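*Asks:* Take this structure, written in structure tokens, and hold onto it; I'll ask about it next.
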Amino acid sequence: MTFRVIEAEQRSEAWFQARLGRLTGSCAGDMLAKIKTGEAAARRDLRMQLVVERLTGKPQEEGFISPAMQRGIDLEAAAIAAYEGATGNLVRSTGFLACDELLAGCSLDGDVDNFTGILECKCPKSATHLGYLRGQAVPAEHRAQMLHNCWISSAQWCDFASFDNRFPAELQLFVVRYTPTALELTDYEMAARTFLAEVDRELESVKGLMGHA
């Protein structure tokens, strides 16, 4: 997968424009959502969102930031520094990675050794952080995003890091590595291509309504 880096600060106007109409890591779980019959609502809503964004040229994300989200933003630099200190990996900040071939992309919390590895960093609620410490595994709710980001960046691995400076020093950082298999990457790419083709067809169908309005 080849991509270009669009230098834009996360949550800036330029960042929202870079993501416009693209399948991104934060939406990967919705794209993969399944139910026993029919289409999952989350998948359908994502498809409609991308269609509307491409049709109007305007992002549909509200950009709302809750106090918990703001705390995560404020702590991100400290979390990355803690990760670097614990692992010895130097993290480089990158902008939005826009795929050249497909309308897909991702925003990384950082990459290591020129995209050999990437970082997914969270500063969650304390109860959530404790759950990660007890689980000692890649959190299921973040796995799709990590897989998507590895697919876009061609990284060999993604480290998940959870940081909470309210804990005792030795429990403030949790790190676990996710190394997707070739089969996981192949299956994900197939799912993403299928979904994006559906978005394309939906967009053409909507454009066809213009002559009948």
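*Asks:* Under the Karplus relation 6.51 cos²θ - 1.76 cosθ + 1.60, θ = phi - 60°, what is the ordered set of whole-Hz ³J(HN,Hα) values for the stretch 114-122, x standing for Gly and Pro?
*Replies:* Here the 3J(HN,Hα) series is 6, 6, 4, x, 9, 10, 10, 10, 10 Hz.
*Asks:* Run through the DSSP bridge list for the chain and note the antiparallel percent, rounded to the nearest 5.
*Replies:* Here the share of antiparallel DSSP bridges comes out near 70 percent.
*Asks:* Quickly estimate the mean residue ellipticity at 222 nm for the chain, helices only: each DSSP H run with n ≥ 4 gives -39500 (n - 2.57), and the total goes over all residues, rounded to 500.
*Replies:* -15000 deg cm²/dmol
*Asks:* Would you kindly state the longest site-free stretch of the chain, with sites defined as trypsin sites (Lys or Arg not before Pro) in a DSSP loop (not H, G, I, E, B) surrounded by at most 15 other Cβ atoms within 10 Å? Display every interim value, and only then the final one.
*Replies:* On the way: sites that count: Arg11, Lys34, Lys36, Lys125, Arg166.
My reading of the result: 37-124 is the longest stretch.
*Asks:* Something else now. Please report the antiparallel percentage of the DSSP beta bridges confined to the stretch 105-193, to the nearest 5.
*Replies:* 55 percent
*Asks:* Separate question: For Lys34, give me every one of the aspartates and glutamates with a C-alpha distance below 20 angstrom, ignoring sequence neighbours fewer than eight places off in its own chain.
*Replies:* Asp45, Glu141, Glu184, Asp187, Glu189, Glu198, Glu202
*Asks:* Relative to the longest principal axis of the chain, what angle (0 to 90°, nearest 10) does the C-alpha long axis of helix 67-87 take?
*Replies:* Between helix and principal axis, roughly 60 degrees.
*Asks:* Which ³J(HN,Hα) values in Hz, rounded to whole numbers, follow from the phi angles of the stretch 151-167 under the Karplus curve 6.51 cos²θ - 1.76 cosθ + 1.60, where θ = phi - 60° and Gly and Pro get x?
*Replies:* 4, 5, 8, 6, 5, 6, 8, 9, 8, 9, 10, 10, 10, 9, 6, 7, 7
*Asks:* Could you look at the stretch 68-181 and say what percent of its accessible area is carbon and sulfur, using a 1.4 Å probe and all protein chains?
*Replies:* For the stretch 68-181, the apolar C and S fraction of the accessible surface comes to 53 percent.
*Asks:* Now for a separate question. Once both axes come from the Cα atoms, what is the angle between helix 41-56 and the longest principal axis of the chain, in degrees from 0 to 90, rounded to 10?
*Replies:* With both axes taken from Cα atoms, the answer is about 70 degrees.
*Asks:* Further question on the same structure: Any idea how far apart Ala77 and Ala169 come out in nm if each label point goes 7 Å out from Cα toward Cβ?
*Replies:* Computed distance between label sites Ala77 and Ala169 equals 2.2 nm.
*Asks:* Follow-up question, since we're still on this one. With every protein chain kept in place and ligands, DNA and RNA left out, what is the accessible area per residue of the stretch 6-99? Probe 1.4 Å, answer in Å². Numbers along the way, then the final one.
*Replies:* On the way: 5200 Å² over 94 residues.
I get 55 Å² per residue for the stretch 6-99.
*Asks:* Moving on to the next point. Would you mind pulling out the separation of the Cα centroids of the stretch 105-130 and the stretch 150-164, in Å?
*Replies:* Taking the Cα centre of each part, the stretch 105-130 and the stretch 150-164 sit 6 Å apart.
*Asks:* Next up: For the chain, what's the relative contact order in percent, using C-alpha pairs closer than 8 Å and at least 6 residues apart? Before the final figure, lay out each step's value.
*Replies:* Working: 325 pairs, mean separation 51.0, N = 213.
Computed over the chain, the figure is 24 percent.
*Asks:* What's the angle, to the nearest 10 degrees (0 to 90), between helix 126-135's Cα axis and the longest principal axis of the chain?
*Replies:* The answer is roughly 80 degrees.
The values are calculated or read from the model by the stated rules, or taken from the named source; none is laboratory data. None of the values given here were measured: they were computed from a predicted structure. No Cβ is skipped: glycine too gets one built from the backbone with ideal geometry, and neighbour counts run over all protein chains shown. Heads up: the accessible areas ignore ligands, DNA and RNA and are worked out on the full protein's heavy atoms, side chains in. Shrake-Rupley method; radii C 1.70, N 1.55, O 1.52, S 1.80 Å.
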